[in-house]
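Heads up, the thing below is written out as structure tokens.
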Amino acid sequence: MNTKKIACLASTALVGSLLAATAAFAQSTGSSEVDQVVVTAARARAIAGQVQETLPKSRATIDGAYLQNQATGQNIFQSLNQLPGVSFTNNDPYGSSGGNLRLRGFDGNRVSVTFDGVPLNDTGNYAVYPNQMLDPELISRASVNLGATDVDSPTASATGGTINYTTRLPGTEAGGIATASFGSNNYHRGFLMLESGEVGPLGTRVFVAGSYQKYDKFKGPGELEKKQFNARLYQPIGDNGDFVSLAANYNINRNNNIRALTLSDFRNFGKDYDFDATCPAISAGNCANFYGRQVNPSNTGSIRGAGLFHVADNLRLTVDPSFSYTLADGGSQLGTISETDGRVRGTRFGSITGFDLNGDGDTTDTVAFFAPSVTNTRRYSLTTSLIWDINPQNRIRVAYTGDYGRHRQTGEFTYLNPDGTTTNVFGGKEGHGKTVATADGSILRNRDRFSIAQLNQVAAEYVGKFYDNRLVVNAGLRAPFFKRELNQFCYTTNASTLPGVVTGFNVICTTQTPNAAAADGSVTFGTSATKYIAPWAATVKYDKVLPNAGLTYQIAPGHSVYTSYAEGFSSPRTDNLYTATLVNGKGAPADTQPETTRTFDVGYRYASGQLLATVAAWSTKYKNRIVQSYDPDLGISIDRNVGDVDAFGLDTQAAWRLADYLTVTASYSYNNSEIQSDLVNGAAAGNILPLKGKQIVETPTHTFGGRLDWDITEKLHFGVQGKFTGDRYSTDVNDEVAPHYTVWDLDVRYELPFAERTYAQLNVTNLFDETYFGSISSRTNALPVTGVTGVGAPTYYIGAPRTVQFTLRTEF
């Protein structure tokens, strides 16, 4: 068998899952260096690229070669879906519409996602956006920590673990990669990477890359377009492993939304029910379901630095600075407003009866505009570690993490084109669309606030090896100090008298002068009795000392056990805090408490020349558990508290080398969660939700994944993989359920005999055309509950049908 075939075979199975790790799998340069003392503590075996795990925590990993088997352009979370403990639902077959991530039942907002150590979770609501991830051709590996963070994880939200992926290094020889793909739904994509190889007297290495993809929605009118640009410079320093690196990424998404359906929609209209193709009456404002205004644009980018420097033979300094930028819509909303509205008349409220917004010469109309909720973030981060090797068996690290995000959330109105589409996807955002002026020269907007999120975190970690390196002990402390500065420039509905208000969005942004303040400090406008809180500012702070510890012990050759304990902490999100109340006559943020967790893991690992296997049992205790769901109409995520939750489960995985040409991997996860008490839902007597004993929403109890890789010949490779996702509740009271489903994918690769390092690949996703509910926007209750006012219908994204993609790839 030639070396090329061996390399292909070694990469076909999942590289690592709970079984594999190397020092480079950690998220930051500092964590990579510390992990080396653990990884080298035991002799590692490998099967099909999978390496025996030695770290005292549950970890899962895939490598860049595995990603080549997946559909090109796919987001990284879909490729992680085969790992135990991971449940990801993709909203379209190619990954540009986002999706829903769950890690041992934790939603993506509770998972620290980093890109070369740079935090990707939103600074406001901690959300992650799968459609903005790095091109898979440039990812060297992606790893998952299940239930625990690294000691220097740059996060104030991770209670459920971490996901980190790293960019490939530029090659030592000049060359490149080119791919061209086409497929179902008019899909086409191109990718090109060029790398310099080692140049100049210092051996500097550089790559530059770009990609473009575009395709139609798999149901309903509209399309999705993505452009991405990347570059990386890598400079080794000396011969002791020191280096500096600088990388850049910029991503542009322009997507039409896919309609999420209620169960009633699905039954009455079928799975292909979607947004309207036309907008027949723009001025009447009745085109909220027009696909042309259901858009989801984003511009994101980052500059990422990394460096390793030996201060002395046994003392190293790592420095990872970064800057990231986000401009994105949080929801595509139709703004209709009367020409007699007080917001239109503004400070001239008492002197005029209306203001002509559409230029037709009268002031009697209700006019439609595009009014998205836009978020613009500029974020500066630094992770640095000082690592001291006391001797070959003992290592100490101290670390600092700083993360400073300026978070601007606005909702400026802008105009519509004659066909009903928006003149600018970012509305009237400064520097983008045209704003809508009011009678006094101010602008129409539905949101206006500014926040600063600042994390200062210190950490310390010890790693030691004992008993002839058979026992490895890891102990650390992480102490995040988190601060939010809040500035609300609009009038907020008084949440103290209106329980259940949607967080931060029941506001009125106006220059109109309110009536005199009431005794409680609230204000009203005109003859309306609705109470508002005047614009306000506040600062909130949260901190916590979070211990973590673990050990692994080799009980016999090929047999090892490990255990770990980690505490997690998630500070309240921006939207939670903008639910204002009146305190001493002034606006103040809602008294929202942080969520905390304690997680225990215990595991057993077996490794031989033909088999790697692992089993891990875990338990997590939540305090103040918050459940989040996405409202596709408002385009925002809404939080609700369900109190304390106890959860436990089992993660298992195995890899077999059945023959030199055949490998099989399989994983299984069991997840059980139980809410510990009922929930009082408002002030009315008997208004209690019966949550005690219920399961957490959107989390399957059982998942199973498996993959087979078969090198039929030296040129022809065949792969098939499947994922079973069990029943998932879509309401807190468990009165509506998304049924279980199984999706199979197929890939076939043929190395072309007439071109070196060139192959053609066929990918078929959802091979058997399964119809299923994917991502869920959950609710409290779908059916009436005695004593509780109201019900809410959960919505579901319908899974994409069978999709075929063909790719031609060459390396040169």
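Since every read-out is calculated from the coordinates, none of them should be taken as a lab result. It should be emphasised that the depicted structure is a prediction, and the values quoted were computed from it without experimental measurement. All Cβ positions, even for glycine, are placed from backbone atoms using ideal geometry, and neighbour counts span all protein chains on display.
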Can you return the aspartates and glutamates within cross-link range of LYS465? Criterion is Cα-Cα under 17 Å, with same-chain partners fewer than 8 residues away left out. GLU33, ASP35, GLU53, ASP389
Listed peptides 74-85, 384-395 by packing density, highest first (mean Cβ within 10 Å): 74-85, 384-395
Extreme residue, positive dipole direction of the chain, given options ALA588, VAL244, LEU752 (C-beta unit charges): VAL244
Cα axis of helix 29-39 to longest principal axis of the chain: angle in degrees, 0 to 90, nearest 10? 40 degrees
So, over other residues within a Cβ distance under 14 Å of SER184, counting Lys, Arg +1 and Asp, Glu -1, the net charge is 0
Step through the table entries LYS219/LYS271; LYS544/LYS586; LYS483/LYS544, compare each Cα-Cα distance with 18 Å, and write down the pairs that go over it. LYS544/LYS586
Multiply the residue gap between ASN394 and GLU714 by 0.36 nm, knock off their C-alpha separation, and tell me the result in nm, one decimal place. 110.6 nm
Starting at the first residue of region 518-532, write each ³J(HN,Hα) from the Karplus equation 6.51 cos²θ - 1.76 cosθ + 1.60 with θ = phi - 60°, in whole Hz, x for Gly and Pro. 6, 4, 7, x, 6, 10, 10, 10, x, 9, 6, 8, 5, 8, 10
Between region 195-269 and region 763-787, what is the C-alpha centre distance in whole Å? 29 Å
Give, as ranges by residue number, the residues of region 222-251 whose backbone N falls under 13 Å from the point 7 Å along Cα→Cβ of THR204. 232-236, 244-246
Once amide H atoms are built 1.01 Å from N in the peptide plane, which residues 5 or more positions from ARG259, or in another chain, come under 5 Å H to H? PHE275
Whole-Hz Karplus couplings 3J(HN,Hα) for region 603-609, θ = phi - 60° and coefficients 6.51, -1.76, 1.60, Gly and Pro as x, run x, 10, 10, 10, 9, 9, x
Checking the cross-link filter: which lysines have an alpha carbon closer than 26 Å to that of LYS692, excluding same-chain neighbours under 8 positions apart? LYS621, LYS623
Electrostatic dipole magnitude of the chain [Cβ: Lys, Arg +1; Asp, Glu -1; Cα centre; debye, to 20]: 900 debye
Rounded to the nearest 0.05, what FRET efficiency do ARG802 and ARG470 give with R0 = 45 Å and r taken as the Cβ-Cβ distance? Could you check? 0.35
So the FRET efficiency between GLU770 and ASP727, C-beta based with R0 = 22 Å and rounded to 0.05, is 0.90
Given H placed 1.01 Å from N in the peptide plane, which residues other than close sequence neighbours of LYS531 have an amide H under 5 Å from its amide H? ASN494
Run the numbers for LEU386 and GLU225: contour at 0.36 nm per residue of separation, minus the present Cα-Cα distance, in nm. 53.7 nm
GLN610 versus ASN424: modelled label distance in nm, points set 7 Å from Cα along the beta carbon direction: 6.7 nm
Excluding residues on the same chain fewer than 8 positions from LYS723, give the aspartates and glutamates whose Cα lies under 17 Å from its Cα. ASP92, ASP651, GLU698, ASP709, ASP745, ASP747, ASP769, GLU770
GLU173 to PHE243: extension gain in nm, 0.36 nm per residue of separation minus the Cα-Cα distance? 23.4 nm
Sorted by average packing, counted as other Cβ atoms within 10 angstrom per residue and highest first, what order do 123-132, 547-556 take? 123-132, 547-556
Counting only residues 5 or more places away or on other chains, whose amide H sits under 5 Å from the amide H of GLU223 once H atoms are built in the peptide plane? LYS217, ASN256
Work from the charge dipole of the chain (Cβ charges, +1 for Lys and Arg, -1 for Asp and Glu, about the Cα centre) and give the residue of ALA60, GLY270, PHE773 farthest towards its positive end. ALA60
Karplus 3J(HN,Hα) series, Hz, for region 396-402 with 6.51 cos²θ - 1.76 cosθ + 1.60 (x for Gly, Pro): 10, 10, 10, 9, 10, 10, x
